[in-house]
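Have a look at the structure below before the remarks.
The values are calculated or read from the model by the stated rules, or taken from the named source; none is laboratory data. Since this is a predicted model, take the numbers as computed values, not measurements. Positions of Cβ are generated from backbone atoms using ideal geometry, with glycine treated the same way; all protein chains shown enter the neighbour counts. For the accessible areas, the whole protein counts, side chains as well, though only heavy atoms, and no ligand, DNA or RNA atoms are used. Shrake-Rupley method; radii C 1.70, N 1.55, O 1.52, S 1.80 Å.
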Amino acid sequence: MKTLRIGLTVMMAVVAMAMHAQLNDSISTDTTLWFNQTQQLGEVVVKSPLPKVRTNANGMKVIIAGSELEKVGSSKDLLKRLPTVKSADDGVEIFGRGAAEVYVNGRKLYDMKELEQIPSDQILNVEIISNPGARYAASTKAVVRIKTKRPQGEGWGVRDELKAYYNNAPGVKDQLDVNYREGGLDVSAMLNGTLENMKTGAYEVMEIYNGGQRIEQTIDKTVQRVKNRNFGTRLQVNYQFNDNHSIGARYSFDRTPYMKFNIDLPSLFTSNGEFFQGSESHIVKPVRSYAHAANMYYSGKVMGWQIDANIDGVWNCTKTWNNTEETTILPSYSSTSDGLKTSTVSTFNDAAASLFAGRLTLEHPLWGGSLSFGTEFDATRRTEANINPVTSDGDSKVDENIFALFAEYRHQLFQKLSAQVGLRFESVSSDFYEWGKHQMARNYSDWFPSVGLSMPVGKVYMSANYGMDIARPAFANLTSDIIYINNYSYQSGNPYLKPTYTQNLSLSASWKWLYVMASYNRVKDDIQIRNISYSDDNPMITLLHPDNLPAFNRYTFQAFASPTLFRVWHPMWGAVVMGQDYETQVPDGSVKKMNHPLAQFMWNNLVDLPHGWRAGCDLMAMTTGEFSTYRLHRPCLTVDLSLYKSFFHDKLECRMKATDLTAVRAQPITIYSYRNLYVKNDNHPYYELTLTYKFNVANDKYRGRGAGEKQKSRIK
């Protein structure tokens, strides 16, 4: 609470300073103008700011240009301050929906680090689509579309960002972007490098029941140290013939030549409260990986038809070596003289994947509205080989082809009511192989309808949306190979996993800076990790594997307010409440209801200070509650501070950030299954200093929309 008081004190102090400076400037300016101007009555123009938040048939649109949000920093900093956005760190997440795809001027972002490269003052608006229509893949949960201002400047442009951080261990990242523009030609290249060091810890308790007896496995204070050396590069060429035609190509390469995990894993086993067995494991796990990605596109307008065509290819490979040295501590009455038994297990995993995808979209005015339709095709292959002397070796392959057709029609009725109706058809065929032999084939086809309605009621914008989406399991979860963790923990996939289907219904309303939304989700075959016994002969060994859950309902209510106070203080208050009616079986054979609601409250603050300084103080509180098979046991409160300043006419930017100063962001949770697992992660404050130099930098004109985006996330 001391840190909280400090954070609140700092916030109120900077607000007072900013108000004082603003008042002095206002008095001085107004006084000077009054005594030096000729008093003459003329035309009076009354200006009213546009609403920052407007709902539509897709979701909501937030106007950025001309608002105070122009000055928050990067687009990543901007997204964190928009309604319904849960996170924008490693990826953008939307409350109640999950991970979102991000588009900038119609181009799908492959690397979320690009969000840090787009200044907020170059953004016109941001559209948040919580129920995507038929033109998006059925597995898309949400979409964030960013529209920027027209690029300015030609010739050479340079941007370099150096970031140093400390998260219980030091790390540094650097990214250099160079671009050249002349006429319709736009060429850019990127090179980045990372020297990353991390240290994390966790405390786990596994509850095991066998024949009415409760066996408790405790993994006490697991410590993991990671050293990562990574570099990546990207080359992009774009040519815009005129406003109606452009073509382009992009290639990127990412390489991790060195990543090493060192894990200390002490375990203690008790049976009915008495010592049964102990274990000390030291795991050394080197990882090597690389990934190639390429995209080519054409975007044009011919005789009233808008045409967008994309071809994508992805190739990646990850090799993992795992060397576990394990010392078993036996009871004093054991036949081993010193009560110790040491063993070493070495395993190897080699996973590779490739993807070829194509997408074609056509759009044309029709009957006073707009009709769009198109097709999409994805061909994916993933192979995985395992060498495991404890369980068994494995060699598996998955081939999957997805063909889709979609159509969407938008029209405005009665001059106010906007309607959008869409239908998407997806056909999937999958083949599974073990040791080169065909084991199983799965073929299924689905229709995915979507409907969106919106209209203003007075000064309030109302919206209603319905849609259905699918979440297909990651290919790594479809293998039957078993991965060795230690003597008492194994992990495997599940080739019989079914996709998760979710039906979504939402109602929303916005008024100026106020936004509220209520949503209902019917979830069928949700995929979660189950903890079961690996063998009846030895119930001590736990097998972790993914499985489908029974159908259940989920409810979400959100409310956000983001006014501007005293012209310099830009707060955002938010509240999100999530509930469900899920039931699960626990180890003792009983059924547990998981229906306690989970609430999260946010209070973000951004204050404009004199001389171009900007300060932020963000608070987030979360209650106890349940989500899916998880229960959060303890409420938490986190405090984040930030400070920003630009120099030399915005060519040099400096950002300082301190995240989770209370170090309680990681709540203890219990994952309920056939064996309950209690987990409490260590948490440490995160400090970051970023220096960015920019010269003649503008947003690129690349308009490739990308194809096979959801497949790319599944083959990793």
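Just to confirm, what accessible area per residue do you get for the chain at 1.4 Å probe, in whole Å²?
Ligands and nucleic acids excluded, the result is 47 Å² per residue.
In nm, what is the difference between 0.36 nm times the number of residues separating R255 and V172 and their Cα-Cα distance?
Between R255 and V172, full extension yields 28.2 nm more.
Roughly how big is the stretch 221-288's charge dipole about its Cα centre, with Cβ charges of +1 (Lys, Arg) and -1 (Asp, Glu), in debye to the nearest 20?
That gives the stretch 221-288 a dipole magnitude of about 360 debye.
In terms of solvent-accessible area of protein heavy atoms at a 1.4 angstrom probe, what is the ranking of W321, W156, highest value first?
Largest accessible area first, the residues go W156, W321.
Would you check the accessible area of M517, probe 1.4 Å, heavy atoms only, in square angstrom rounded to 10?
Surface accessible to solvent at M517 totals approximately 10 Å².
Which is farthest toward the positive dipole end of the stretch 68-126 among I94, L109, S120, measuring Cα position about the Cα centre, with Cβ charges +1 (Lys, Arg) and -1 (Asp, Glu)?
Result: I94, furthest along the dipole toward the positive end.
Could you give me the percent of Cα pairs per 5 Å distance bin for the stretch 137-187, shortest bin first, beginning at zero and ending with the bin that holds the maximum distance?
Computed distribution, short to long bins: 5, 12, 14, 11, 14, 12, 18, 11, 3, 0.
Provide the descending list of Cα extents for the stretch 379-447 along its principal axes, expressed in whole angstroms.
Largest to smallest, the principal-axis extents are 70, 21, 16 Å.
What accessible area, in Å² to the nearest ten, does a 1.4 Å probe give for L405?
For L405, the solvent-accessible surface is approximately 80 Å².
How about the stretch 454-517: which chymotrypsin sites (Phe, Trp or Tyr not before Pro) there are in a DSSP loop, with at most 16 other Cβ atoms within 10 Å of their Cβ?
Hits after loop and neighbour filter: Y496.
Round to the nearest 10 and give me the degree value, 0 to 90, for the angle of helix 2-35's Cα axis relative to the longest principal axis of the chain.
Roughly 10 degrees, rounded to the nearest 10.
Which of the trypsin sites (Lys or Arg not before Pro) across the stretch 418-463 are loop residues per DSSP, with 14 or fewer other Cβ within 10 Å?
Sparse-neighbourhood loop trypsin sites (Lys or Arg not before Pro): K459.
Give me the Kirkwood hydrodynamic radius of the stretch 234-332 in Å, from all C-alpha pairs, to one decimal place?
18.7
Quick one: with all protein chains in place, what share of the accessible area of the chain is carbon or sulfur, to the nearest percent (1.4 Å probe)?
59
Between L195, T256, Q236, whose Cα lies farthest towards the positive end of the dipole of the stretch 192-315 when Lys and Arg beta carbons carry +1 and Asp and Glu beta carbons carry -1, centred on the Cα centre?
Checking the options against the dipole of the stretch 192-315, the answer is Q236.
Heavy-atom accessible area of V679 with all protein chains present, probe 1.4 Å, nearest 10 Å²?
Spelled out: V679, probe radius 1.4 Å, area about 20 Å².
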